[in-house]
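Take a look at the structure below.
The values are calculated or read from the model by the stated rules, or taken from the named source; none is laboratory data. All values reported here derive from a predicted model rather than from experimental measurement. Neighbour counts run over all protein chains shown; Cβ positions are idealised from the backbone, glycine included. Just so you know, the surface numbers come from the protein's heavy atoms only, side chains and all, with ligands and any DNA or RNA stripped out. Shrake-Rupley method; radii C 1.70, N 1.55, O 1.52, S 1.80 Å.
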Amino acid sequence: MEVLQLKNVTLTINDNHILHNINIDFWNGYVHAVSGPNGAGKSTLASTIMGLEGYREIQGDIIYQGENINDRSVDERARLGITMAWQDPARYEGLTIKDFLMASAKIKNEDNIRDVLASLSMNPQQYLKRALDKTLSGGERKKIELASILVNEARLVLLDEPDSGIDVESLERIFESIRLLKKRGTTVILITHSLAVLQQADHAFLMCSGEIIDKGEKEKIVKYFENKCIPCPHKNIPDEWEPAVGK
Amino acid sequence: MKVNYFISDIFYVCLRDLKHYLKQRVRIMATLIQPIIWLVLIGNLMSGLTANPLTLKFLDAPSYLDFMAPGVMVMTTLFTGLFAGVRVVWDRRLEILQKMLSTPLSRTAIPLGKIAAAVVQGNIQVIIVLLTALMLGVTFKTGLAGIMVILIFISLFCSIMASISIALSVNIRNMETFFALMNFITMPLMLTSKAMFPVEAMPGWLKFIAEWNPISYAVIPLRTLVTKGWDWTVIWQSLIILCFFALCFLAGAVFFFKRARA
């Protein structure tokens, strides 16, 4: 069953079609990946689903659990159970990690926060009292961002480039968290151009130039990576494939 | 449980803004030195100029310094309150606001937390001004109890100014516009009020504006508490008016913040 549907979604900014006629169904409890080269419109798609400023003036419909949420603001979408982890996590200068996670948590329980940090191989004793500032590495900030998603207990999670700035060991922890989200029944949308992240998905979409040009099992989309992206409109589809959607 | 969460949301937003404020030592020094300069330089200078029976009658205070000290307290609060919105503009630019909004954090708690932080900052600054005024020889007729009441008035006034600032900041996208707008508001507000000059010395049109200027509603009870004593008619009247406006402006700030695009 679809938890989120995008129907003919087009986003135009300064006369440029950033997203063009997007039709996607995201199934409940699945891990989906939206993949494609830089500039394909993947992060824009995530921002549009989240309803961020500058991404609200769309044509088409965004249907979440049967309700059209086009007119819903970011916080209203968050209250409906949608949340997002940014590619570059914001620095909450001033708060400790504990304060930040407590503020982000749906159920404000310190034990829960400790468990989430431990699941990301972050020692709670060491991290809870640390300030969420530039003393943390990019990878640590990324994991804290993911921890905030885990304590949020949202129903639909958008993870924008979850592997950026992450070392190999930590990457496995991130993947475990994605599996944990799936186990909880959360629908996950991975925005990625990484093969390793794409492998975590049950189902994948391929984007190029603001359009969905293919979809299917991840193995099918993985083949795209084996055929290096050529920067021209949709020429990066392997020859033997028939595009399922789009052109 | 829901109320607990709402209060804790306000607390975290307030805590973050306060910690950020306490880290800005240069800003703290600047905001503290400015009122001290007003008291030490202009206060003492004007005290000399106004030390004659006719002017003192206009001032209705033992000295210009006694007359001016409540005005400086309100001026300090005015600046602190009106610049509360800068954190909204800043958080938006750093995409922190978007992140906050995509969590279960209450959208109502964000402006309220920021206003609460401004109120705490305003009180810290006013306490410094109070101590400076005491050192310069200003006598507080109502003593320590009066000082506590002064801080209540300061909190109400600061929450009004911070609410205005946040309501205006929700659709401002850059710092330059924000600072230009706030500077445009603060000086006319100050100079057309009863904060620095006695209303009796004003021309008719300015007197009219001063009577309706919101700053006057904060200055008059403070001046009464400092120079006259417990005049309950003035205190209650001002308290009711400021409480009413504080509630209206808080509701306005929340309304505009929630209605804003992000």
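Among residues of region A:88-106 that are at the interface with another protein chain (Cβ under 8 Å from one of its Cβ atoms), those with a beta-carbon under 6 Å from a residue that is of a type in the set (S, T, N, Q) at least six positions away or on a different chain give the pairs A:104/A:148; A:104/A:152; A:104/B:103; A:106/A:152. From the list B:92, B:107, B:173, the lone residue that is farther than 19 Å from residue B:75 by Cβ, among the basic types (Lys, Arg) and assigned to a helix (DSSP H, G or I) is B:92. Among the residues of region A:24-35, is any of a type in the set (Phe, Trp, Tyr) and open to solvent by 50 Å² or more (accessible area, probe 1.4 Å)? Yes - at least one qualifying residue is present in region A:24-35.
Which strands (runs of 3 or more DSSP E) sit wholly inside region A:1-56 and have at least 2 residues that are over 15 Å from the mean Cα position of the chain (by Cα) and charged (D, E, K, R)? Give the derivation first.
Details: elements: A:2-13, A:16-27, A:31-35.
Of the strands (runs of 3 or more DSSP E) lying wholly inside region A:1-56, those with at least 2 residues that are over 15 Å from the mean Cα position of the chain (by Cα) and charged (D, E, K, R) span A:2-13.
Determine, yes or no, whether residue B:147 is buried (at least 19 other Cβ atoms within 10 Å of the Cβ), at pLDDT 90 or above and more than 13 Å from chain A (Cβ to nearest Cβ). Walk me through it before giving the result.
Values: buried (at least 19 other Cβ atoms within 10 Å of the Cβ): no; at pLDDT 90 or above: yes; more than 13 Å from chain A (Cβ to nearest Cβ): yes.
It is false that residue B:147 is buried (at least 19 other Cβ atoms within 10 Å of the Cβ), at pLDDT 90 or above and more than 13 Å from chain A (Cβ to nearest Cβ).
With respect to (1) surrounded by fewer than 17 Cβ atoms within 10 Å (Cβ to Cβ); (2) away from chain B (no Cβ under 14 Å), the lone exception for residue A:114 is condition (1). Within region B:160-203, the residues that satisfy the criterion of being closer than 20 Å to residue B:254 by Cβ and polar (S, T, N, Q) are B:163, B:165, B:169, B:171.
With the structure loaded, tell me whether residue A:75 is charged (D, E, K, R) and crowded, with 17+ Cβ neighbours inside 10 Å or whether it fails that test.
yes
Per-residue answers, yes or no, for (1) modelled with pLDDT of 90 or more; (2) within 14 Å of chain A (Cβ to nearest Cβ); (3) farther than 24 Å from residue B:59 by Cβ:
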residue	(1), (2), (3)
B:183	no, no, yes
B:190	no, no, no
B:203	no, no, no
B:208	no, no, no
B:212	no, no, no
B:233	yes, no, no
B:242	yes, no, no
B:253	yes, no, yes
B:262	no, yes, yes
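Hey, residue A:58 hits all of (1) within 11 Å of another protein chain (Cβ to nearest Cβ); (2) open to solvent by less than 60 Å² (accessible area, probe 1.4 Å); (3) touching a residue at least 40 places away in the same chain (Cβ under 8 Å) but one; which does it fall short on? Only one criterion in (1) within 11 Å of another protein chain (Cβ to nearest Cβ); (2) open to solvent by less than 60 Å² (accessible area, probe 1.4 Å); (3) touching a residue at least 40 places away in the same chain (Cβ under 8 Å) is unmet by residue A:58, namely (1). Can we say residue B:257 is under 22 Å from residue B:87 (Cα atoms) and crowded, with 19+ Cβ neighbours inside 10 Å? Yes, satisfied.
For residue B:60, the conditions (1) buried (at least 16 other Cβ atoms within 10 Å of the Cβ); (2) within 24 Å of residue B:215 (Cα to Cα); (3) in contact (Cβ under 8 Å) with a residue 60 or more places away in the chain all hold with the exception of (1). As for region B:21-36, it holds at least one residue that is open to solvent by less than 70 Å² (accessible area, probe 1.4 Å) and within 14 Å of chain A (Cβ to nearest Cβ). Determine whether region A:163-180 contains at least one residue that is open to solvent by 10 Å² or more (accessible area, probe 1.4 Å), among the aliphatic types (A, V, I, L, M), free of Cβ contacts under 8 Å to residues at least 60 places away in the same chain and part of a loop (DSSP other than H, G, I, E, B). Yes, some residue in region A:163-180 is open to solvent by 10 Å² or more (accessible area, probe 1.4 Å), among the aliphatic types (A, V, I, L, M), free of Cβ contacts under 8 Å to residues at least 60 places away in the same chain and part of a loop (DSSP other than H, G, I, E, B). The set of residues in region A:114-156 being assigned to a helix (DSSP H, G or I), within 17 Å of residue A:171 (Cβ to Cβ) and in contact (Cβ under 8 Å) with a residue 40 or more places away in the chain consists of A:119, A:141, A:142, A:144, A:145, A:146, A:147, A:149.
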